[in-house]
Amino acid sequence: MPAHAVLTTVSNQPGMLFGLTGVLASHQANVSSVDIIPRDDQHAEIYLEFTAEAAIETIVADLRQIAGVSRVELTPSFTKIYGKRIIIMGGGAQVGQVALGAITEADRHNIRGERISVDTIPLVGEEALASAVRAVVRLPRVRLLVLAGSLMGGEITAAVEEVREKGLIVISLNMAGSVPDVADLVVSDPVQAGVMAVMAIADTAKFNIVRQQKRRY
C-alpha cells in the first residue's frame, strides 16, 4: 500500500490522538509511526506515518474535519529524509572516533542516494549503558548499534543479547569485558568500526554483515 506522512496542528487537549487515529482506522490505514510535539499550553503537533489504499486527499479532508484540528500538512516521511539510523554509545573519546568514521562513510553513500543518519550518546556506568542499549530498539528507524568503550560486561552483555534477538545489529570495539563475545562484529580501530557500521546497513555497499558474524578485526 502507498506510504504517507502527515503533520497535524491540534488543540493541546485530551482525545486528539484518538480522533486522528479513528479517521485513519475508518480508511483502513495502518499506522506505522506516531510522534507528539507539544508547542505550548494551547497547541501541539502530531506527526503520523501510515499506509493506506484510500486516496490521500480524502483522508486529509477527513482529518481536517476533526474538532480541534487547525492544520493538516502532507510531508515527506522521516524515513525518506533521515533514513536508517546508527546509534553510537559509550565513552566520549571512543564515541567521537567511531562517529568520525561513520559520518565520513555515510556521506560517501548518501551522495549516491542513501539516507543514513548517525546519533551519538556518551554514557558511563553499567546500569546507564544497559538501559540505553535496551531502549535502542524502541527508537524509530534504528538499524545498528555501536558500543564504544574500554570495558563493558555484566548487565550490558545481557542487554546486547536481548536486542540482537530482536534483530538489531551490534558492533563492539575490541574492549575488556564480555560484550565483545556477544556482539555481531568486533573491531579494534574505532574509526574503522564506524566505517563498517555504515557499510553493514547501506544498500549501496557490498558488505554482508552475516558473513562477518563473530569475527574480530
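Going through the range 27-59 one residue at a time, which ones are closer than 21 Å to Ser11 by Cβ and in contact with an Asp or Glu (Cβ under 9 Å, 6 or more places away or on another chain)?
Matches in the range 27-59: Val31, Val34, Asp35, Ile36, Ile37, Pro38, Arg39, Glu45, Ile46, Tyr47, Leu48.
Of all residues being closer than 20 Å to Ile111 by Cα and among the small types (Gly, Ala, Ser) in the range 162-217, which is modelled with the lowest pLDDT? Just the residue, please.
By that ranking, first place goes to Ala205.
Restricting to the range 32-48, give me the number of residues that are at pLDDT 95 or above and among the acidic types (Asp, Glu).
Selection size over the range 32-48: 1.
Could you tell me which numbered condition Pro180 fails, if it satisfies all but one of (1) farther than 15 Å from Ile86 by Cβ; (2) in a loop (DSSP other than H, G, I, E, B)?
With respect to (1) farther than 15 Å from Ile86 by Cβ; (2) in a loop (DSSP other than H, G, I, E, B), Pro180 is out only on (2).
Could you identify the single residue in Ile46, Ile37 that is within 17 Å of Ser77 (Cα to Cα), surrounded by fewer than 12 Cβ atoms within 10 Å (Cβ to Cβ) and outside the structural domain of Leu139 (by TED's automatic domain parsing)?
Among Ile46, Ile37, only Ile37 is within 17 Å of Ser77 (Cα to Cα), surrounded by fewer than 12 Cβ atoms within 10 Å (Cβ to Cβ) and outside the structural domain of Leu139 (by TED's automatic domain parsing).
Hey, among Ile116, Ile111, which residue is among the aliphatic types (A, V, I, L, M), under 28 Å from Ser77 (Cβ atoms) and touching a His at 6+ places or on another chain (Cβ under 8 Å)?
Ile116
Across the range 98-117, what is the number of residues that are buried (at least 20 other Cβ atoms within 10 Å of the Cβ) and within 17 Å of Val170 (Cα to Cα)?
So the answer is 5.
Regarding Asn30, is this residue in contact with a strand residue (DSSP E or B) (Cβ under 7 Å, 6 or more places away or on another chain), surrounded by fewer than 16 Cβ atoms within 10 Å (Cβ to Cβ) and farther than 20 Å from Pro140 by Cα?
So Asn30 fails the test.
Would you mind stating whether Ile56 is among the β-branched types (Val, Ile, Thr) and either loosely packed, with under 13 Cβ neighbours inside 10 Å or touching a helix residue (DSSP H, G or I) at 6+ places or on another chain (Cβ under 9 Å) (or both)?
no
Please work out which residue is farthest from Met1 (Cα to Cα), limiting yourself to the range 36-71 and to residues that are in contact (Cβ under 8 Å) with a residue 40 or more places away in the chain and part of a strand (DSSP E or B).
Restricting to residues being in contact (Cβ under 8 Å) with a residue 40 or more places away in the chain and part of a strand (DSSP E or B), the top hit is Ser70.
The values are calculated or read from the model by the stated rules, or taken from the named source; none is laboratory data. These numbers were taken from a predicted model, which means no experiment stands behind them. No Cβ is skipped: glycine too gets one built from the backbone with ideal geometry, and neighbour counts run over all protein chains shown.
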